[in-house]
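*Asks:* Okay, handing you the structure first.
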Amino acid sequence: MDPLQITTSEVDVVVLGSGAAGLVAALAARESGATVALFEKAELIGGSTAISGGVCWVPMNHHMDEAGAPDSREAALAYLRSLSLGQMNPALAEAFIGGARETVEWLESVTDLKFTLIPGYPDYHPEHPGGRPSGGRSLDPGLFSYERLGPWAAKVAKSRRSARLRITDTTLGGGTGFLDDETLAHREQHDLRGCGAALVGPLLAALLRAGVEPVLEARATDLINEDGRVCGVRLVIGAAEGPQHAHLARARHGVIIATGGFEWNPQLVSTFLRGPMTAPASVPSNEGDGLLMALRAGAALANMPQAWWAPTVSVPGDEAFGRPRATLLNRERTLPGSIMVNSAGLRFANEAANYNALGGAFHTLDPVEFGYRNLPCWLIFDGRNARDFGSFGTPAGTPIAPWITRATTIPELAGALGIDVDGLSGTVARWNSFVDAGDDADFGRGRSAYDRWSGDGRHRGEVASTLGRLDEAPFFAVPVYSGTLGTSGGPRTDVDGRVLDPVGVAIPGLFAVGNAAAAPTALAYGGAGGTLGPIIVFGRAAGLAAARSGAERPAVARTVD
Ligand SMILES: Cc1cc2nc3c(=O)[nH]c(=O)nc-3n(C[C@H](O)[C@H](O)[C@H](O)COP(=O)(O)OP(=O)(O)OC[C@H]3O[C@@H](n4cnc5c(N)ncnc54)[C@H](O)[C@@H]3O)c2cc1C
C-alpha cells in the first residue's frame, strides 16, 4: 500500500458490504434522501447473497393473500417462538413480523423485483404451532435480465450451479435442477439469472439508478469515532496483489456494517462457534471484519455460538473468488436409497431434516470417547439412487463422477473408508427393514411434510419420496462436513439496526445488519429464505434509521429486553 496516498469522501450514510443487507440498507437510505457510499471488499458485488438461492422467508406477505392462503401475525409469532429455545429477543421477532409485508411491497415498488410464491414449499418445522405445511412464506425472486445492468453485469458474483435457474427450477424448489436446451439458450441469450442473482440484480439496478455506484476492492478496516459518535470508516482500496491506497470515508449520519459473517476467520470461528465448522459454503471474503470493528467500538454481542448450519460436501470445481468453497448437501441426503453414517457405521439423525437443524448433529459430544460422535461422516447411496437421480450436478442416467468413492459391496465400501464394517452392514439392513415397513423407527425420516418435499419429486408428499431401500450395487460414499451458510452472531442491535453497547444504549452513528449482526430470529430458521427474509426487513429499517440519524446523541435503544 502506498502510505502517502490517502483519498477522502463524505456522504450521509456509508454502507460496508454489498450482499442483500448492504444493498437493501443502501437503497432505503438513498430512497429517503440521504447521500450514500457503498464499499465492497471483494472484486465482485453480491457476497453470499449472489450465490445463494435468493429465497426470502416473509410471513404475512401479500402474495399469500393473493393465493387465497393468508397468514396471520399470531401464527407467525407462535411459530418463531416455538423455535426460539429461549434465545430470541421478542422485540426483534415482533419487529420482523411487523415489517415483513411492508418491506416486500416496498421492494416491489422501488426495484424491478417481483416475488412469487414457491408453490407448496413447507416451512422447515411445519408441524410446530403456526407452521405452514403447504408453504407460502418462502418467496422466489424469479429471473432478472442482467442485460439491464450493462457493464455492471460482469461485476456481480455468479454461482456456477444455479446461475440460470429459478429456485422453482431447482430440486429444492420443486423442479428437476436442469433446463431444456431451448430454455437454457433463451436465458443465456438475455443473460437471465435466477436465485440469489435475481435478488442482487434488481437491488443493484435500483441503486445505480439512484446514483450510488458500489466501490469494489474496498476493504473497511477501522471505524472513525469523534466525540463519542461513529462518523466514518478507514478503508484500503485496491486488489491485494495490486497497488493499494488508504481511503477515509466520512459519514455525516451513520455507518452501516453489512459485511457478512465471520465463518472464514478461523480464529473467530474457534473462539465463538459452539462446535466444529470446517466447510463454509459462503464467499471467502466474509472474515468477520465488521465484527472486529464493532467490538472495538464497544458493541455488545449476541447469538455468537450460532451459525446457519449446513452439512456440506467438497465438490471439485466449486469456488468463489478463486478459493475453493463447500457445496450444500441439500438434496442427495433426502433421496431414497441414501443414508448418512458416522465412523461407527451408525445413522445419527433424520437425514431429510432441514440443514440448519441437522447441523446440530455434528456438535454432539461423546462424553466417554470425548470426541464429536458424528464427525467424520459420510453420505452412502446405492446404484439405483445414482441411476435414478444422478449426483452432485450429474444428471440421472450419466456416470457418477470419479471423485466419489465406490465399491461393489457394503463391507468393501466401509473398509475403504475406515468405517466399522459390522456397524455399517447392520445399519443398512436396519434401514432396509424400515423402508419395507414404511416408517423410519429410529429417526422418523419421512414423517414431516418437510421431509416429503425435497426428495424424489415423483412421490412428492409420500414417504416414498425419501424412504427407499439401499441394496443395489455399486455402493457410493461421499464425506460430509459440518458447514454453514454464514455465521449468525454479532453485535446486538435494536429494531432499527442500531448497534447497542453492553448496557443497551445505542452507539451513536453505528448500525449493523445481516449476518454481520446478531440474527433477529436467533436460532430460528423458519423456512426456505429464513436468513434473507429478516435481512431485507432489518436492512430497510437500518437504512431508514441511518438516513435520519444524527440528531440523537447518544440515543437510547428502542429495544430493551
Ligand atoms: C449456497 C448458499 C445458498 C443460500 N441460499 C439461501 C436462500 O435461498 N435463502 C436464504 O435466506 N439464505 C440463503 N443462504 C444464506 C444467505 O445467502 C446469507 O445468509 C445472506 O446472503 C447474508 O447476506 P449478507 O448481506 O449479510 O452477507 P453477504 O451476502 O455475504 O454479503 C457480505 C458482503 O460484505 C463484504 N465484506 C466483508 N468484509 C468487508 C469489509 N471489511 N469491507 C467491505 N465489505 C466487506 C463481503 O465481501 C460480502 O460481499 C444461502 C447461502 C449459501 C452459501
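The values are calculated or read from the model by the stated rules, or taken from the named source; none is laboratory data. Note that this is a predicted model, so its numbers are computed, not measured. Positions of Cβ are backbone-derived with ideal geometry, glycine not excepted, and every protein chain shown enters the neighbour counts. In case anyone asks, the SASA skips ligands and DNA or RNA and just uses the protein heavy atoms, side chains included. Shrake-Rupley method; radii C 1.70, N 1.55, O 1.52, S 1.80 Å.
The rows are residues; the columns are (1) aromatic (Phe, Trp, Tyr); (2) within 16 Å of Gly337 (Cβ to Cβ); (3) in a helix (DSSP H, G or I).
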| site | (1), (2), (3) |
| --- | --- |
| Pro411 | no, no, yes |
| Ala414 | no, no, yes |
| Ile419 | no, no, no |
| Ser425 | no, no, yes |
| Ala429 | no, yes, yes |
| Asp439 | no, no, no |
| Asp442 | no, no, no |
| Arg447 | no, no, no |
| Ser454 | no, yes, no |
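*Asks:* For the stretch 241-264, how many residues meet the condition of being touching a strand residue (DSSP E or B) at 6+ places or on another chain (Cβ under 7 Å), assigned to a loop (DSSP other than H, G, I, E, B), surrounded by fewer than 24 Cβ atoms within 10 Å (Cβ to Cβ) and not aromatic (Phe, Trp, Tyr)? Quick ask: steps written out before the conclusion?
*Replies:* So in the stretch 241-264, the residues touching a strand residue (DSSP E or B) at 6+ places or on another chain (Cβ under 7 Å) come out as 243-264.
Next, from what is left, pick out any that are assigned to a loop (DSSP other than H, G, I, E, B): 243-244, 258-264.
If we keep only those that are surrounded by fewer than 24 Cβ atoms within 10 Å (Cβ to Cβ) too, we end up with 243-244, 264.
After this cut, where a residue has to be not aromatic (Phe, Trp, Tyr) as well, the list is 243-244.
The total comes to 2.
*Asks:* Could you run through the stretch 499-539 and say how many residues are within 13 Å of the ligand (Cβ to nearest atom) and farther than 22 Å from Glu263 by Cα?
*Replies:* The qualifying residues number 1.
*Asks:* Which of (1) small (Gly, Ala, Ser); (2) in contact with a helix residue (DSSP H, G or I) (Cβ under 6 Å, 6 or more places away or on another chain); (3) open to solvent by 20 Å² or more (accessible area, probe 1.4 Å) is the odd one out, the single condition Gly322 does not satisfy?
*Replies:* The failed condition is (2).
*Asks:* Something else about it: Of the residues Ala302, Ala310, which is farther than 30 Å from Arg234 by Cα, within 16 Å of the ligand (Cβ to nearest atom) and within 23 Å of the chain's Cα centre (by Cα)? Don't jump to the end; show me each part of the working.
*Replies:* Values: Ala302 fails: farther than 30 Å from Arg234 by Cα.
Only one candidate passes the filter, namely Ala310.
*Asks:* When you scan the stretch 1-120 for helices (runs of 4 or more DSSP H) that lie fully inside it, which ones turn up with 3 or more residues that are within 15 Å of the ligand (Cβ to nearest atom)?
*Replies:* Details: elements: 20-31, 47-51, 62-66, 73-82, 90-110.
It comes to 20-31, 47-51, 90-110.
*Asks:* Of the residues Leu83, Leu107, Leu77, Leu27, which is buried (at least 23 other Cβ atoms within 10 Å of the Cβ) and either in the same structural domain as Leu532 (by TED's automatic domain parsing) or under 20 Å from Ala518 (Cα atoms) (or both)? Give the steps one after another, and end with the answer.
*Replies:* Values: Leu107 fails: either in the same structural domain as Leu532 (by TED's automatic domain parsing) or under 20 Å from Ala518 (Cα atoms) (or both); Leu77 fails: buried (at least 23 other Cβ atoms within 10 Å of the Cβ); Leu27 fails: either in the same structural domain as Leu532 (by TED's automatic domain parsing) or under 20 Å from Ala518 (Cα atoms) (or both).
Result: Leu83 is the single residue among Leu83, Leu107, Leu77, Leu27 that is buried (at least 23 other Cβ atoms within 10 Å of the Cβ) and either in the same structural domain as Leu532 (by TED's automatic domain parsing) or under 20 Å from Ala518 (Cα atoms) (or both).
*Asks:* Kindly establish whether Glu287 is touching a residue at least 24 places away in the same chain (Cβ under 8 Å), open to solvent by 30 Å² or more (accessible area, probe 1.4 Å) and within 9 Å of the ligand (Cβ to nearest atom).
*Replies:* Details: touching a residue at least 24 places away in the same chain (Cβ under 8 Å): yes; open to solvent by 30 Å² or more (accessible area, probe 1.4 Å): yes; within 9 Å of the ligand (Cβ to nearest atom): yes.
Criteria met by Glu287.
*Asks:* OK, next. Being open to solvent by 10 Å² or more (accessible area, probe 1.4 Å), in contact (Cβ under 8 Å) with a residue 60 or more places away in the chain and out of contact with any Lys or Arg (no Cβ under 6 Å at 6 or more places or on another chain) is the filter; apply it to the stretch 504-520 and report the residue that is farthest from Ser18 (Cα to Cα).
*Replies:* Gly504
*Asks:* Among the residues of the stretch 126-146, is any under 21 Å from Leu203 (Cβ atoms), among the small types (Gly, Ala, Ser) and not in a loop (DSSP other than H, G, I, E, B)? Can you show your working first?
*Replies:* If we filter the stretch 126-146 for residues that are under 21 Å from Leu203 (Cβ atoms), which is where we start, we get 137-146.
With the extra rule that they be among the small types (Gly, Ala, Ser), the set shrinks to 138, 142, 145.
The next check asks that each one be not in a loop (DSSP other than H, G, I, E, B); those that pass are 138, 145.
Yes, some residue in the stretch 126-146 is under 21 Å from Leu203 (Cβ atoms), among the small types (Gly, Ala, Ser) and not in a loop (DSSP other than H, G, I, E, B).
*Asks:* Now, a different point. For Asp436, state whether it is over 25 Å from Thr405 (Cα atoms), assigned by TED's automatic domain parsing to the domain that holds Asp382, touching a residue at least 12 places away in the same chain (Cβ under 8 Å) and surrounded by 22 or more Cβ atoms within 10 Å (Cβ to Cβ). Break it down stepwise before answering.
*Replies:* Numbers: over 25 Å from Thr405 (Cα atoms): yes; assigned by TED's automatic domain parsing to the domain that holds Asp382: yes; touching a residue at least 12 places away in the same chain (Cβ under 8 Å): yes; surrounded by 22 or more Cβ atoms within 10 Å (Cβ to Cβ): no.
The answer is no for Asp436.
*Asks:* Out of the residues in the stretch 174-218 that are closer than 14 Å to Leu143 by Cβ and part of a loop (DSSP other than H, G, I, E, B), which is farthest from the ligand (Cβ to nearest atom)? Write out each step before concluding.
*Replies:* Residues of the stretch 174-218 that are closer than 14 Å to Leu143 by Cβ, as a first pass: 175, 179, 183-184, 186-202, 205.
Filter again for part of a loop (DSSP other than H, G, I, E, B), leaving 175, 179, 190-191, 194-195.
On the way: Gly175: 14, Leu179: 19, His190: 23, Asp191: 21, Gly194: 11, Cys195: 7 Å.
Only one residue tops the list, namely His190.
*Asks:* Further question: Scan the stretch 450-474 residue by residue and report those that are modelled with pLDDT under 95 and open to solvent by less than 40 Å² (accessible area, probe 1.4 Å).
*Replies:* Once the filter is applied, which keeps residues that are modelled with pLDDT under 95 and open to solvent by less than 40 Å² (accessible area, probe 1.4 Å), the stretch 450-474 yields Trp453, Ser454, Gly455, Asp456.
*Asks:* Follow-up. Is the stretch 384-396 home to any residue that is without any contact (Cβ under 8 Å) to a residue 24 or more places away in the chain, open to solvent by 20 Å² or more (accessible area, probe 1.4 Å) and assigned to a helix (DSSP H, G or I)?
*Replies:* Of the stretch 384-396, the ones without any contact (Cβ under 8 Å) to a residue 24 or more places away in the chain are 387, 390, 394, 396.
Those left that are additionally open to solvent by 20 Å² or more (accessible area, probe 1.4 Å): 387, 394, 396.
If we keep only those that are assigned to a helix (DSSP H, G or I) as well, we get 387.
Yes, the stretch 384-396 has at least one match.
*Asks:* Further question: Out of (1) farther than 23 Å from Glu127 by Cα; (2) not in a loop (DSSP other than H, G, I, E, B), the odd one out for Phe434 is which?
*Replies:* Answer for Phe434: the failing condition is (1).
*Asks:* With respect to the numbered conditions (1) among the aromatic types (Phe, Trp, Tyr); (2) open to solvent by less than 50 Å² (accessible area, probe 1.4 Å); (3) away from the ligand (no atom under 14 Å from the Cβ), which one is the sole condition not fulfilled by Tyr124?
*Replies:* Tallying (1) among the aromatic types (Phe, Trp, Tyr); (2) open to solvent by less than 50 Å² (accessible area, probe 1.4 Å); (3) away from the ligand (no atom under 14 Å from the Cβ), Tyr124 fails exactly one: (3).
*Asks:* Return yes when Ala240 is closer than 18 Å to Asp289 by Cβ and under 30 Å from the mean Cα position of the chain (by Cα) and no when it is not. Spell out the reasoning first.
*Replies:* Details: closer than 18 Å to Asp289 by Cβ: yes; under 30 Å from the mean Cα position of the chain (by Cα): yes.
When the stated conditions are applied, Ala240 passes them.
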